[in-house]
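The values are calculated or read from the model by the stated rules, or taken from the named source; none is laboratory data. A quick note: this is a predicted structure, and the numbers were derived from the prediction, not measured. Neighbour counts are summed over all protein chains in view; Cβ atoms, including those assigned to glycine, are modelled from backbone coordinates with ideal geometry.
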Amino acid sequence: MTSAVFLDLYRVLADPGLMEKHYRERFASILRRDFGIPLPKGRLIHDGTYAWYTNEGARLDSLQGDMREGEEWVRAVQRMEAEHMRLAFEMAGIPPPSNLNNFWVKFETEIVSGIDALYADVPPALRELKAGGHRIFLSTNATRSNAESALVGGGVRDMFDGLVLLENAKAKKDRPHYWRRALNIMSVRPTEPFVVVDDIPAYLAAVSKMGARCFQMVRPEYTGMKIGTYPIISSLTELPTLLRTL
């Protein structure tokens with residue numbers, strides 16, 4: 001039986017460590033090309049702004065209730081991204097552009113679309129899933145400039161039937177709001193079988209109550225991860241075989 005398959009981005013499709021390594025270098029290289037900032041300083045700007053971004057993201061994650069879904073959530077993330085970019089220009093000693101959000105989207109899209117951080121097992125697994133007639137969707141907390149660009153960089157964007165992102169889900173994946181929108185946007189009927197693969201049990205908990213068949217990805221290098229109550233896979237190549245048994 002064919003299914004709608006929702007796949008997480010980082011630690012399922014893409015290696016976050018590899019992405020961060022290349023992201024840092026491309027960030028610095030673009031600052032040098034466009035603004036004449038030396039590479040060492042560009043790397044320091046990346047490191048400083050990334051530390052701020054990480055801390056601010058954790059603060060947003062601590063918000064309660066409706067503040068973590070809907071248009072307010074999207075605006076909160078966009079404000080964080082704009083401030084992140086403003087801080088980069090401040091550290092560089094350069095006046096910021098008038099529209100920081102527009103600049104950031106173009107800047108990050110260029111950075112990430114030039115990086116292939118996919119795990120080696122991902123392209124063949126995607127091809128096998130497509131050959132089996134499954135519809136494949138990306139399900140991520142990330143923005144389009146990061147998430148879709150990561151698929152472009154990995155050369156697999158055309159294998160996905162749709163993308164569930166910050167901009168259209170308008171919540172994080174631990175919220176039922178996210179998954180209700182995901183199923184609606186991707187035209188997945190309540191009676192249709194659908195599968196979700198993620199590395200975070202809390203994200204699977206929200207959607208398993210809606211009838212999803214869930215699998216937790218635990219790649220060998222992430223042995224310290226929290227383990228949930230869902231079947232575990234360690235490579236995406238395991239998934240097509242498992243789906244044939246459902």
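Within the range 132-140, identify whether any single residue is part of a helix (DSSP H, G or I), farther than 30 Å from Leu31 by Cα and of a type in the set (S, T, N, Q), and answer yes or no.
Filtering the range 132-140 down to residues part of a helix (DSSP H, G or I) leaves none.
Looking for residues that are part of a helix (DSSP H, G or I), farther than 30 Å from Leu31 by Cα and of a type in the set (S, T, N, Q), one finds none in the range 132-140, hence no.
State which residue is surrounded by the fewest Cβ atoms within 10 Å (Cβ to Cβ) when the search covers only the range 131-145 and only residues that are over 17 Å from Glu192 (Cα atoms) and not hydrophobic (A, V, I, L, M, F, W, C).
First pass over the range 131-145, keeping only residues over 17 Å from Glu192 (Cα atoms): 131, 138-145.
Those still in the list that are not hydrophobic (A, V, I, L, M, F, W, C) too: 139-141, 143-145.
Working: Ser139: 26, Thr140: 28, Asn141: 23, Thr143: 20, Arg144: 16, Ser145: 22.
Only one residue fits best here, namely Arg144.
I'd like the residue in the range 201-220 that is in contact (Cβ under 8 Å) with a residue 60 or more places away in the chain and surrounded by fewer than 20 Cβ atoms within 10 Å (Cβ to Cβ) and, out of all such residues, is nearest to Val122 (Cα to Cα).
The residue in question is Arg219.
Does Ser234 count as among the polar types (S, T, N, Q), more than 17 Å from Thr140 (Cα to Cα) and modelled with pLDDT of 95 or more? Even if it seems obvious, please write down each step before you answer.
On the way: among the polar types (S, T, N, Q): yes; more than 17 Å from Thr140 (Cα to Cα): yes; modelled with pLDDT of 95 or more: yes.
Judged against the criteria, Ser234 is a match.
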